[in-house]
Amino acid sequence: MERLWLSWEDLLRLTRRLADQVREEEFDLLLGIARGGLIPTALLAQALSLREILTAAVMFYEGEETLPEPVFLQFPPDPLLFGKRVLVVDDVWDSGRTAFAVKARVRQAGGVPLVATLHFKPSRNQVPDRPDFYGEAAEAWVVYPWAPEAWA
């Protein structure tokens with residue numbers, strides 16, 4: 001599969017693009033999806049001057065086996081999300097299953113979620129949704145600068 005290698009400068013460019021898109025919206029907090037969404041979440045928090053940052057850890061794979069339903073390893077308690085406008089942040093919307101599950105869980109807790117990702121892969125999307133905001137569309141395997149294979 002073709003690979004798209006990103007530099008830290010590319011990451012900052014995409015983050016600025018996302019920040020410009022979401023700046024018109026009001027959010028109470030950011031919810032970063034571990035692991036890939038944590039660095040974009042921190043950068044967006046700086047760009048948007050938001051201090052309230054929560055994390056969600058979701059597992060869809062056990063080794064190489066795809067799980068039928070997400071396993072939420074960590075998720076904020078409902079009272080932290082209830083009545084809040086939440087910007088869910090991840091690095092990439094590939095199948096969409098992770099962000100879709102997190103968005104549903106935020107709604108279930110009484111929050112109003114919108115999703116921002118650095119990349120969106122429309123041809124790989126497997127859910128009846130898409131990110132509300134994204135930096136750019138891509139079809140290649142994206143290698144972010146924090147990925148271990150980028151360190152070599």
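Which of A140, A56, A109 ends up with the largest GNM mean-square fluctuation for the chain, with Cα atoms connected below 10 Å?
Largest GNM mean-square fluctuation: A140.
Pick the calculated P(r) over Cα pairs in 5 Å bins from 0, in percent for this structure from (i) 1, 7, 11, 16, 18, 17, 14, 8, 4, 2, 1, 0; (ii) 1, 8, 12, 11, 9, 9, 8, 7, 6, 6, 5, 5, 4, 3, 3, 2, 1, 1, 0, 0; (iii) 2, 9, 20, 23, 22, 14, 7, 2, 0?
Identified label for the calculated read-out: (iii).
Could you work out the relative contact order of the stretch 8-90, using alpha carbon pairs under 8 angstrom and six or more residues apart, expressed as a whole percent?
37
Rounding to the nearest 20 debye, state how big the charge dipole of the chain is about its Cα centre with +1 on each Lys and Arg Cβ and -1 on each Asp and Glu Cβ.
300
Just want to confirm a number: the relative contact order over the chain, from Cα pairs under 8 angstrom separated by 6+ residues, in percent.
In percent, rounded to a whole number, it is 27.
Could you sort F27, F100 by their accessible area in this structure, using a 1.4 Å probe and putting the largest first?
F100, F27
Suppose every Lys and Arg Cβ carries +1 and every Asp and Glu Cβ carries -1, with no other charges. What dipole size does the stretch 79-147 come out with about its Cα centre, to the nearest 20 debye?
Here the stretch 79-147 has a charge dipole of around 360 debye.
Could you order the peptides 82-92, 36-46, 65-75 from most to least packed, using the average number of other C-beta atoms within 10 Å per residue?
Result, highest mean Cβ count within 10 Å first: 82-92, 36-46, 65-75.
Treating only the Cβ atoms of Lys and Arg (+1) and Asp and Glu (-1) as charged, compute the dipole magnitude of the stretch 9-58 about its Cα centre; round to the nearest 20 debye.
In debye, rounded to 20, the stretch 9-58 gives about 220.
Answer with one residue from Y134, S123, W151: the one whose Cα lies farthest towards the positive end of the charge dipole of the chain, charges on Cβ with Lys, Arg +1 and Asp, Glu -1.
Value computed over the given set: Y134.
Could you work out the helix-only [θ] at 222 nm for the chain, with each DSSP H run of four or more residues adding -39,500 (n - 2.57) and the total divided by the number of residues, to the nearest 500 deg cm²/dmol?
The helix-only estimate for the chain comes to -8500 deg cm²/dmol at 222 nm.
The values are calculated or read from the model by the stated rules, or taken from the named source; none is laboratory data. All values derive from a computational prediction rather than experimental measurement. For neighbour counting, all protein chains shown are included, and Cβ atoms are generated from backbone atoms with ideal geometry for every residue, glycine included. Quick note on the areas: whole protein, heavy atoms, side chains included, nothing else; ligands and nucleic acids left out. Shrake-Rupley method; radii C 1.70, N 1.55, O 1.52, S 1.80 Å.
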